[in-house]
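Below you'll find the structure, written out as structure tokens, and then a few comments.
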Amino acid sequence: MASPNNNKSKNQLVSTMIKQGFISNPYLSPSPSPPRTSNPPSPIQIPTRPSNPSPTLFEMMSEEQTRESKHSLESRYRTQERVSRVLADAPFPAVGDVRLTIAARDGFKVSMDVHRRVLVGRSRFFADKLQRNGSHSVEILDCDDVEVYVETLVLMYCDDLKKRLMGENVNKVLGLLKISSAIMFDDGVLACLEYLEAVPWSQQEEEQVVSHLSQLQLPDSAADILQRLVAEPSTSSRSDDILQRLLTGVLHAKDDKARKEMKKVISRLLRENTSNSSSHESNLDISRDTLYHFCHRCLTSLILSLSEATSVDDNKQQDRGVLMGEIAREADNLQWLVDILIDRKMGDEFVKLWAEQKELSILHSKIPTMYRHEISKITAQLCIAIGRGNLLVPKDVRYCLLSTWLESLYDDFGWMKRAGRSIDKKLVEEGLGQTILTLPLAQQQTILLNWFDRFLNKGDDCPNIQRAFEVWWRRSFVKQYTVDSQLQLAIFDYTE
């Protein structure tokens, strides 16, 4: 007859506590367990607290704690509902030989009966830990996501994993991939990888996929998933060729609407590239020579169109209209290229190039304002960039720029304001004024006195650079600076 101690030892069930893993209980009795079903927790009652119209500090602090507690309970309740829905359709048996409990960090837990043969047959981790036949009781503590753990177990019961994953979102599959990898559920890992390789990703999902795949120890097939993100070395080295092809296509596009739309797209992408370059994340190296090659082509085409337009017989209005359209088109193309140069901090050479276009300036004056004002927008762009400090060129180049193009800018300013929203009147006026104020005082005086006379006659059709005029006046007559041979400044204040 067995002793009482032996009977007690045989009847005692020891539950092995496992944290983020599974360990079988070799001492557990192999006798069948009574019928058990999945036991989701009972519904949680969320307490409410009446509001106080004039709460004290203590009451306010208590109220904050109550809200946080309420939020935590609501989150747990939502998790409970989701897990209950998963368990309702789960193919788990009413009686199994493994009693599995999954517990979250906040205390929420769920228990279910599962088959040892399924766990061992699908998971190399379970196959190693649950080697002994018979009943087992395991518990998983501190789970990140109870719902994902349960859904991974459901996957282990499925024959067609690919079909099961159809319609799921990327975040859910990444969670399943993480658990499948942890428990060495190889079929689950491969199914998740096949899903991720086949579906499109949003930008946020893209970052999450890269992060998860870099953290997990996955088979070599995982590298195939990242092929949509990783360029081969030969592709990266041809970036300048690709850009040249894109620029050529845009500058010669036949559909004007599509041309403008693609200009915006490429400008935005290049701007993003410029931003990433500062953080050493960019692989696109845009050649200065490539950009200036297109600038010279546009300038040549613009001069040719202007020359033809000035020599066309007035009776051939149709030919003249076509040429005027070409002039506006090439001017618009140049504006786009100048924007790219300024964004890429490569525009200093273009200021000199534009300042030297004496022939173009003369031809410009012979064309009706309604067609030529797009050309003056280029001058406005450069003045705005100089005034903001985005273009650093010598003072003789700045003065040459204004000597060549300032009168044209004055003449076209009224049309520039009325013709569209692509130009900001205030920005042009501020940029022009700041550019003038960077010149030697004598040159400021010449330019601003000429502006003064023109503004009195043209009014709003002339840029209002009154602020620059006032600064020049104070420099000239209110506070004068003199510089001796050793660069020491002396100030003469005539207000005293």
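The values are calculated or read from the model by the stated rules, or taken from the named source; none is laboratory data. Since we're looking at a predicted model, the values are computed, not measured. Positions of Cβ are generated from backbone atoms using ideal geometry, with glycine treated the same way; all protein chains shown enter the neighbour counts. For accessibility, only protein heavy atoms count, side chains too; no ligands or nucleic acids. Shrake-Rupley method; radii C 1.70, N 1.55, O 1.52, S 1.80 Å.
Tabulated values for the structure
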read-out: Packing-based order for 185-192, 138-145, using average beta carbon neighbours within 10 Å, highest first; value: 185-192, 138-145
read-out: HN-Hα J in Hz across region 395-410 - Karplus 6.51, -1.76, 1.60, θ = phi - 60°, x for Gly and Pro; value: 5, 5, 6, 5, 5, 4, 4, 6, 4, 7, 10, 5, 4, 5, 5, 4
read-out: Rounded if a/c under 1.5, otherwise prolate or oblate - region 353-430, Cα gyration tensor axes; value: oblate
read-out: Peptide ranges 160-167, 437-444 listed from the most packed, as the mean C-beta count within 10 angstrom indicates; value: 437-444, 160-167
read-out: Semi-axis lengths (Å, descending) of the ellipsoid that matches the C-alpha gyration tensor of region 90-247; value: 39, 15, 13
read-out: Cα gyration tensor category, rounded, prolate or oblate, for region 331-378 with a/c compared to 1.5; value: oblate
read-out: Rh by Kirkwood over Cα pairs, then Stokes-Einstein D for region 294-354 at 1.002 mPa s and 20 °C, µm²/s; value: 171
read-out: Chain lengthening between L73 and D424 when straightened (0.36 nm per residue, less Cα-Cα); value: 120.9 nm
read-out: Computed accessible area, C400, all protein chains, 1.4 angstrom probe, square angstrom; value: 40
read-out: Alpha carbon convex hull of region 157-261, projected area averaged over orientations, nm²; value: 9.5
read-out: Accessible area of Y292 in the full protein assembly, 1.4 Å probe (Å², nearest 10); value: 10
read-out: Cα pair distances of region 100-156 binned at 5 Å [whole percent]; value: 4, 18, 29, 26, 16, 7, 1
read-out: Rounded, prolate or oblate (a/c below 1.5 giving rounded, otherwise prolate when a/b exceeds b/c) for region 69-172 by Cα gyration tensor; value: oblate
read-out: Ranking by accessible area, most exposed first, for W405, W473, W415 with a 1.4 Å probe; value: W473, W415, W405
read-out: Rounded to the nearest 10 Å², the accessible area of E147 at probe 1.4 Å; value: 20
read-out: Accessible heavy-atom area order of L353, L341, highest first, probe of 1.4 Å; value: L353, L341
read-out: Sequence of R297, R117, R344, R76 when ordered by accessible area, the most exposed leading, probe 1.4 angstrom; value: R117, R297, R76, R344
